[in-house]
Amino acid sequence: MRVASYNVKHGDNGDGRVDLRRLGAACASLGADILAVQEVDRFARRTGFRDEMRVIAQATGLEAVFGEAARRKWRRYGNLLLARGPITDVETLKLPRPAGGEQRVAILARVRVDGLALSVGATHLSFRKGEGAVQLDVLLAALAGRDGPRLLLGDLNIGPDLVEPAVTAAGYTLAATGPTFPAKAPRSRIDFVAVSGLELVSASTPAPGMSDHLPVVAELRPS
């Protein structure tokens, strides 16, 4: 099974212009069976009032659910969880904002791919100091209440010095990769895949040529 997490910056092609065809192609190029996508616009002016969830779902051929983090009039903004199989028991979990940052959410769901059922958490955490680590703890606690195996995907906006101890204490293994941000000259590792009850075979950070993040892609198998 291949899984991936990708912050797409609402389809920015890397030079400030939105290119939805390139967005769809970039997501499809990851070849993921389960894909978490962050910073997704639906019906926003800056993306031509298009539904990026539909663009990505059609390009990848995956089933999709949306986790709304913000809404203004008709515009919606948030995260996607996509899978090559049914997505059920879906919850959009609002995360705490101890430093008063913008609302962040996590999509919690049950996903079945090739006969394997697992619980997935897909998220985009706050960059504000003191928020991301607290939000991660809340998400891990919520996932602990769901049946394993478990998969955590997302742009966590905090480094491995905080992420690794938290996920390890919760029984997860973190996929080992290099930096993921900024895409053109990566120096910070803030995008992650972590698994519990699954075996990590390999992990990589390909360069699809858009957004200001590199995606994280991991190959998994049942443990």
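Can you pull out the residues in segment 1-54 that are of a type in the set (Val, Ile, Thr) and under 17 Å from Phe66 (Cβ atoms)?
Passing the criteria: Val8, Ile34, Val37, Val40, Thr47.
Would you please list the contacts, defined by Cβ atoms under 9 Å and residues six or more apart or on different chains, that run from a residue in segment 35-47 that is part of a strand (DSSP E or B) to a residue that is aromatic (Phe, Trp, Tyr) and crowded, with 24+ Cβ neighbours inside 10 Å?
Within 9 Å, the pairs are Leu35/Tyr6; Ala36/Tyr6; Val37/Tyr6; Gln38/Tyr6.
Just to be sure I understand, how many residues within segment 66-84 are modelled with pLDDT under 95 and either assigned to a loop (DSSP other than H, G, I, E, B) or under 15 Å from the mean Cα position of the chain (by Cα) (or both)?
Result for segment 66-84: 2.
Of the numbered conditions (1) out of contact with any helix residue (DSSP H, G or I) (no Cβ under 9 Å at 6 or more places or on another chain); (2) crowded, with 18+ Cβ neighbours inside 10 Å; (3) among the charged types (D, E, K, R), Glu68 satisfies every one except a single condition; which is it?
That leaves (2) as the condition not met.
May I ask you to say which residue of Thr92, Thr168, Thr88 is surrounded by 15 or more Cβ atoms within 10 Å (Cβ to Cβ) and of a type in the set (Ser, Thr, Tyr)?
On inspection, the qualifying residue turns out to be Thr92.
Let me confirm something: among Gly148, Gly178, Gly159, Gly209, which residue is on the phi > 0 side of the Ramachandran plot and more than 15 Å from the chain's Cα centre (by Cα)?
Gly209 is the lone residue from the list that is on the phi > 0 side of the Ramachandran plot and more than 15 Å from the chain's Cα centre (by Cα).
Give the residue, chosen from Arg75, Arg50, that is in contact with a Leu (Cβ under 9 Å, 6 or more places away or on another chain) and surrounded by fewer than 21 Cβ atoms within 10 Å (Cβ to Cβ).
Arg50
Considering only segment 110-167, state which residues are in a strand (DSSP E or B) and in contact with a Pro (Cβ under 8 Å, 6 or more places away or on another chain).
Val111, Arg112, Leu116, Leu118, Ser119, listed by residue number.
What are the residues in segment 1-24 that are touching a strand residue (DSSP E or B) at 6+ places or on another chain (Cβ under 7 Å), closer than 26 Å to Asp114 by Cβ and not in a strand (DSSP E or B), if any?
Residues satisfying the conditions are Met1, Val8.
Residues to consider are Asp191, Asp137; find the one that is surrounded by 21 or more Cβ atoms within 10 Å (Cβ to Cβ) and either within 14 Å of Leu95 (Cβ to Cβ) or within 17 Å of the chain's Cα centre (by Cα) (or both).
Matching residue, one of Asp191, Asp137: Asp191.
What residue, of Pro186, Pro206, is closer than 20 Å to Ala122 by Cβ, assigned to a loop (DSSP other than H, G, I, E, B) and touching a residue at least 24 places away in the same chain (Cβ under 8 Å)?
Criteria check complete, one pass: Pro206.
Residues in segment 136-152: is at least one basic (Lys, Arg) and out of contact with any helix residue (DSSP H, G or I) (no Cβ under 7 Å at 6 or more places or on another chain)?
yes
Would you mind telling me which numbered condition in (1) of a type in the set (S, T, N, Q); (2) part of a strand (DSSP E or B); (3) more than 15 Å from the chain's Cα centre (by Cα) Gln103 fails?
Unmet condition: (2).
The values are calculated or read from the model by the stated rules, or taken from the named source; none is laboratory data. Nothing here was measured: the structure is a model prediction, and the numbers come from that model. Positions of Cβ are generated from backbone atoms using ideal geometry, with glycine treated the same way; all protein chains shown enter the neighbour counts.
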